[in-house]
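Data block below; observations after.
What follows is calculated from the coordinates using simple rules that are stated; it is not laboratory data. Treat the numbers as computed from the prediction; the structure is a model and nothing was measured. Note: ideal-geometry Cβ built from the backbone for every residue, glycine included; neighbour counts use all protein chains shown.
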Amino acid sequence: MSFGFTNVPATFQGLMNDIFKLFLRKSKCKFGLEEIDYLGHVISAKGVRADPSKLAAMLEWPIPGSLKALRGFLGLTGYYRKFIKNYGTIATPLTNLLKKNAFVWSDIATQAFSKLKKAVTEPPILRLPGFSKAFTIECDASNVGLWVVLMQEG
């Protein structure tokens, strides 16, 4: 500051008010929360988890009667694929229906649809890695999918 440390806090606050005046809205600000919703996730000190309201929407999704409805369901569940163990393997019968002229709903598709709905209701909480600890990579592959997990402490 050109005039020393006198009035620094007031000058700084005035600058912040001018900068954020056009962007911040009191109605959109939240302070002192234990957890916060952000882009379909709930973030807390425990880690990151899928938003329960989005999980409820997936559970209530009816059996797709069209290609558009199936794409909508797979799009919604696919956003949370990092939370669902073996997502690609579970969803393979449904993604096969997305091929040209292949949308014919079957018992296999119904089983995959139900299994995917069940899998999204039991997602784990994702935690940020501790870079001072050792990492373990666990992987597996089959004819219908590839599974890789980066783990710490089991």
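Apply 1/(1 + (r/R0)^6) to the Cβ-Cβ distance of CYS29 and ASN7, taking R0 = 22 Å, and write down the FRET efficiency to the nearest 0.05. Let's see the in-between values first.
Working: r = 26 Å, r/R0 = 1.19.
The formula returns an efficiency of 0.25 here.
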Say the cut-off is 21 Å between C-alpha atoms; which of LYS54/LYS99; LYS28/LYS82; LYS82/LYS115 go over it? LYS54/LYS99; LYS28/LYS82
Label-point gap, in nm, between GLU60 and GLU153 - each point 7 angstrom along Cα→Cβ: 3.8
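Any idea what diffusion coefficient segment 33-154 gets from Stokes-Einstein, in µm²/s, Kirkwood Rh on alpha carbon pairs, 4 °C, 1.567 mPa s? Can you show the working numbers first?
On the way: Rh = 16.0 Å.
D, rounded to a whole number, is 81 µm²/s.
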Range in the chain, longest, excluding exposed trypsin sites (Lys or Arg not before Pro) [loop by DSSP; at most 14 other beta-carbon atoms within 10 Å]: 47-84
Per the Kirkwood formula on distinct C-alpha pairs, the Rh of segment 84-154 is how many angstrom? 14.3
From Cα coordinates alone, what are the radius of gyration and Dmax values for segment 1-87 in angstrom? 22.0, 71
Which order, highest average first, do 86-95, 142-151 follow once you tally other Cβ atoms within 10 Å for each residue and take the mean per peptide? 86-95, 142-151
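Under a Cβ-only charge scheme (Lys and Arg +1, Asp and Glu -1), can you give me the dipole magnitude of the chain about the Cα centre, in debye to the nearest 20?
On the way: 20 positive and 11 negative charges, 84 e Å.
Using Cβ point charges on Lys, Arg, Asp and Glu, the chain gives about 400 debye.
Full extension from THR110 to TYR79: what is 0.36 nm times the residue separation minus their Cα-Cα distance, to one decimal in nm? If you can, show how the numbers build up before the last one.
Working: separation 31, 0.36 × 31 = 11.16 nm, distance 2.07 nm.
Roughly 9.1 nm would be gained on extension.
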Could you work out how far apart the two model spin labels at ASP51 and CYS139 are, taking each label as a point 7 Å from the Cα in the direction of the beta carbon, and quote it in nm? 3.3
Label model pair THR92, LEU67: point-to-point distance (7 angstrom along the Cα→beta-carbon line) in nm is 2.3
The farthest towards the positive end of the charge dipole of segment 1-93, of the residues GLY32, GLY75, ILE19, given +1 on Cβ of Lys and Arg and -1 on Cβ of Asp and Glu, is GLY75
